Amino acid sequence: MDGNGKTTALNTLSLLPKNWRWVKLGEVCEFTYGSGLPKHNRISGSVPVFGSNGIIGYHSDAITQGRTIIIGRKGSIGEVNLSEFSCWPIDTTYYIDSSKTRCDLIWLYWLLKWLKLNLLNKATGVPGLNREDVYSQLVPLPPIEEQRRIAAKIQELMQEVKRAQESCEKQLEAAKAFPSAYLREVFESEDAKRWEKKRLGEIANYINGRAFKPEEWRQSGLPIIRIQNLNNPNAPFNYYNGKIEERYKVRKGDLLISWSASLGAYLWTYGDAVLNQHIFRVEEYSGLVVKNFLYYVVNYVMTEVKERIHGATMRHVTKPEFETVFVPIPPLFTQRRIASYLKQKMADVEKLRTDIEKQ
């Protein structure tokens, strides 16, 4: 301890198990430069070609011997990948195989990941990892048998993590199917078969957005709602600050329907905005349909609508086609009850999805 009761660096270096020692990384392994291999020079094969951030292709030959550690040198600096087989690391990487170290490669792989090599970047332009900086890093070196034991334990724990992750991913996929299941429960019920059927065009007016040009985009003003803003609440907005017809204005609570690319209904939960093309703003006809009910029934019938889509690269449905789709329309009090029921179910699903994603 120093005079203030803090552990000094020298004392810290002494806190190792018996037979362990502190060494510089350069004493136990060699970072070898990868070799350039442009895509047009690759020959079809099963040998993985590694860039700084993982596999980027395959080739017929390898330049490493067996299991190999690949470290990002340029681009994704300090990224550490492991190939179980001989491979070809390209010239944006360093690599270590059994000929470049006497350490257990699995143990060394996890040690390098622990070191956070990306923090050693000193380049001012393109990120780069200087191997001399890496070589100077002090690391704890256990005996080889201890390395193997540690590596085996880490691999065992990582398998448990992988199994837990796969389990969560399956749960997440199941949770994503719940909204459609709840919609079918309501709109394919025995009661629904007795409800009156009306065309979408009979119960609401669908106003298409305006085609805003890129040169009209501004840094401030009213946000322009594009399809990406409906699908992703974190997507950036473009803005418009000119005069705009009332028909293109959107207010909180408005029902919007994307009829191109990503087909679906959305309730706008933000403030005033303007509507881009490829999206309808819906004006429901009073006395015929409740907005929140229309939101759910449109999402239900989108399966039928998608069967009518056009376009090889961008899916879309024309307004006349959309308006001819039939939907079940129960009495207004039933619509309100259904909308309330589905809102609660969808909130439960969202909470479940969020909890699983946190896991």
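The values are calculated or read from the model by the stated rules, or taken from the named source; none is laboratory data. Just so we're clear, the structure is a prediction, and the values are computed from it rather than from any experiment. Every residue, glycine among them, receives a Cβ derived from its backbone with ideal geometry; neighbour counts consider all protein chains shown. When the accessible area is computed, the model is the full protein with side chains, heavy atoms only, and any ligands, DNA or RNA have been set aside. Shrake-Rupley method; radii C 1.70, N 1.55, O 1.52, S 1.80 Å.
Only Lys, Arg, Asp and Glu carry charge here, each on its Cβ (+1 for the first two, -1 for the last two); on that basis segment 221-337 has a dipole of about 200 debye about its Cα centre.
Ligands, DNA and RNA left out, the 1.4 Å accessible surface of the chain is 51% carbon and sulfur atoms. Peptides 279-287, 293-301 ranked from most to least packed by the mean count of surrounding Cβ atoms within 10 Å: 293-301, 279-287. For residue 85 and residue 171, the FRET efficiency from 1/(1 + (r/R0)^6), where r spans their Cβ atoms and R0 equals 35 Å, is about 0.60. Taking Cα atoms only, the orientation of helix 332-358 departs from the longest principal axis of the chain by about 0 degrees.
Taking packing as the residue-averaged number of other Cβ atoms within 10 angstrom, the listed peptides 323-331, 20-28 run from highest to lowest as 323-331, 20-28.
If you count the DSSP beta bridges with both ends in the chain, what percent of them are antiparallel, to the nearest 5? If you can, show how the numbers build up before the last one.
Details: 47 of 52 bridges.
Just about 90 percent of them are antiparallel.
Relative to the longest principal Cα axis of the chain, at what angle does helix 291-306 sit, 0 to 90 degrees, rounded to 10? So the helix axis and the longest Cα principal axis differ by about 70 degrees. Stokes-Einstein, applied to the Kirkwood radius of the chain over Cα pairs at a viscosity of 1.567 mPa s and 4 °C, places its translational diffusion at 50 µm² s⁻¹.
Between residue 348 and residue 193, the FRET efficiency from the beta-carbon distance, with R0 = 30 Å, is close to 0.70.
With Cα atoms as the point set, the radius of gyration and Dmax of segment 31-158 evaluate to 14.8, 45 Å. The separation of segment 268-294 from segment 187-227, counted between C-alpha centres, amounts to 6 Å.
When each of the peptides 335-343, 222-230, 210-218 is scored by how many other beta carbons lie within 10 Å of its residues on average, the order from highest to lowest is 222-230, 335-343, 210-218.
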